[in-house]
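The values are calculated or read from the model by the stated rules, or taken from the named source; none is laboratory data. Remember, predicted model here, so these are calculated numbers, not experimental data. Reconstructed Cβ throughout: ideal geometry from the backbone, glycine too, with neighbour counts over all protein chains shown. The accessibility values were calculated without ligands, DNA or RNA, using every heavy atom of the protein model including side chains. Shrake-Rupley method; radii C 1.70, N 1.55, O 1.52, S 1.80 Å.
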Amino acid sequence: MGTGTTSWCTDMNLRHRLKRTLRDLYSLAFVYSGVARLMARRGGARLLILAGHGVDGAVGSKRMPADLKITPERLEEILRALGRYAEWVTVGEGVARLDSGQGCGLVALSMDDGYLDNRTQLLPLLEACDARCTVYLEARPLETRRVSWLHQWFWLERRLGASEAGRRCALELKGNSAVLNEVLAAGADAAARGLKRRLKYDLDAEPRDRAVQVVFEQAGGDEAALCEELYLGVEDARELRDSGRVELGGHTWSHEVLTTLESEAAREEIERGRSTLEELLGVECGESFAYPFGRRWDHSAEHAQAVEEAGYQSAVTTHAGLNRPAGDAFQLRRWMLTETLPVHLLVTELCGGFGLLRRLGLDLVE
């Protein structure tokens, strides 16, 4: 790495740390001075959406990567804290309230992919905290009991380590292996950070899926058993739906990055996901949709149009922010939940504190 690049990275890291420090200091002052409580029911209609994946409280559990799960204790703390400032709604309910200009303080929890712990761990929390949630379901695990390549890759990382898993996948990819070999040549740290991204963005789905599947099976992986361990079944999803606390939404058929697909293939992912859920669950699952991975480079205006034409009323991203009535219902913002995310940041966003700064041209969130 050249001196100029090193200096640029150092400057970026310094600016990022400064921004985080300012954000924390501002939000602490906003909440603990009482301003948040004062503004909680003022300032017009607004909707804060939280986003997570799994709820896992097992000590030392490696069933899912740390960034895809939150403990029940931490989630309960967040639910109870935000419930003191706002009304819990589903994403679909929240969007409808925004459209009508109602709901000064609305908060929605959402969970992506459709993991089994959404029934076993999350549902009891929703009942205990009088909260509501939207669960975005991948359709393929429900219908075929097959998992995405990503969970096979996570399993291989745990079993073999990232470098060895990447080496074996590169061998299976043969003529398509250059993108993985480049990362592997940079060493173990680079492999741990970069292989998943290369597999996700830089390889065609068919050869990638085939290579990961072969290595997964050679290493002793059992796809059906992994799916049973991780994902909701049809009856589990129905239990969530019938609880009255959970809205079911769409999350494509097989969780591919839409921008890596041809237009017709992306449209098929969206439409097939919805039609499969409706067929399996006997009700429309069409109020809201979640773009897989959800960053602005993972979907486009064309995909938003396809989502709307499929019959959905809204769609969520994974960019943080607050949603207002004038916003785009197919580019809704969500705060990603982590075990260490401070509650005061969420309260500040919910009560309009960061919105005040955005009006001045300062965004401490994105």
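Quick notes on this one:
- Coarse-grained scattering of region 190-344 at q = 0.16, 0.20 Å⁻¹, given as base-10 log I(q)/I(0) from a Debye sum over alpha-carbon atoms: -1.13, -1.43
- Using alpha-carbon coordinates, inclination of helix 162-173 to the longest axis of the chain, degrees: 60 degrees
- Equivalent ellipsoid, region 101-192 (semi-axes from 5 times Cα gyration tensor eigenvalues, Å): 39, 16, 14
- Separation between Cα centres of region 167-213 and region 75-138, rounded to whole Å: 37 Å
- Expressed as a fraction of 2.2 N^0.38 Å, the value expected for a compact globular protein of N residues, the C-alpha radius of gyration of region 68-120 is 1.30.
- Per residue solvent-accessible surface (Å²) - the chain, probe of 1.4 Å: 45 Å²
- By the equivalent-ellipsoid construction on the alpha carbon gyration tensor, region 123-261 comes out with semi-axes of 33, 15, 15 Å, ordered largest to smallest.
- Under 26 Å between alpha carbons - lysine pairs in the chain that sit 8 or more apart or on different chains: 7
- A Förster distance of 30 Å, applied to the separation of the beta-carbon atoms of ALA225 and LYS174, puts the FRET efficiency at 0.55.
- Here ARG296 and ALA66 are evaluated by their C-beta separation; at R0 = 25 Å the FRET efficiency comes out at 0.55.
- Potential lengthening of the chain between ARG159 and ARG80 amounts to 24.7 nm, from the contour at 0.36 nm per residue minus the alpha-carbon distance.
- Per atom type, the chain shows carbon and sulfur on 50% of its accessible surface, probed at 1.4 Å.
- Note, ³J(HN,Hα) from phi for region 324-341, Karplus 6.51, -1.76, 1.60, rounded to Hz, x at Gly and Pro: 10, x, 7, x, 7, 5, 9, 9, 5, 8, 9, 8, 7, 7, 9, 5, 9, 5
- Phi-based couplings in Hz for region 90-98 (Karplus 6.51, -1.76, 1.60; Gly and Pro marked x): 7, 4, x, 5, x, 5, 4, 5, 4
- Inter-centroid distance (Cα atoms) of region 216-288 relative to region 305-366, Å: 24 Å
- The chain - mean residue ellipticity at 222 nm from DSSP helices (-39,500 (n - 2.57) per run, n ≥ 4, rounded to 500): -15500 deg cm²/dmol
- Rule-of-thumb Rg ratio for region 151-197 [Cα; 2.2 N^0.38 Å; N residues]: 1.01
- Calculated over the chain: convex hull of Cα atoms, volume per residue (Å³): 147 Å³
- Of all DSSP beta bridges in the chain, antiparallel share, percent nearest 5: 5 percent
- Per-residue 3J(HN,Hα) values for region 62-69, derived from phi via the Karplus relation 6.51 cos²θ - 1.76 cosθ + 1.60 with θ = phi - 60°, read 10, 4, 9, x, 4, 7, 10, 8 Hz in sequence order (x marks Gly and Pro).
- Residue-normalised convex hull volume from the C-alpha trace of region 13-92: 156 Å³ per residue.
- Modelled spin-label separation between HIS16 and ALA29, with each label point placed 7 Å from Cα along the Cα-to-Cβ direction: 2.5 nm.
- Helix 205-218 vs. the chain, principal-axis angle (Cα, 0 to 90°, nearest 10): 70 degrees
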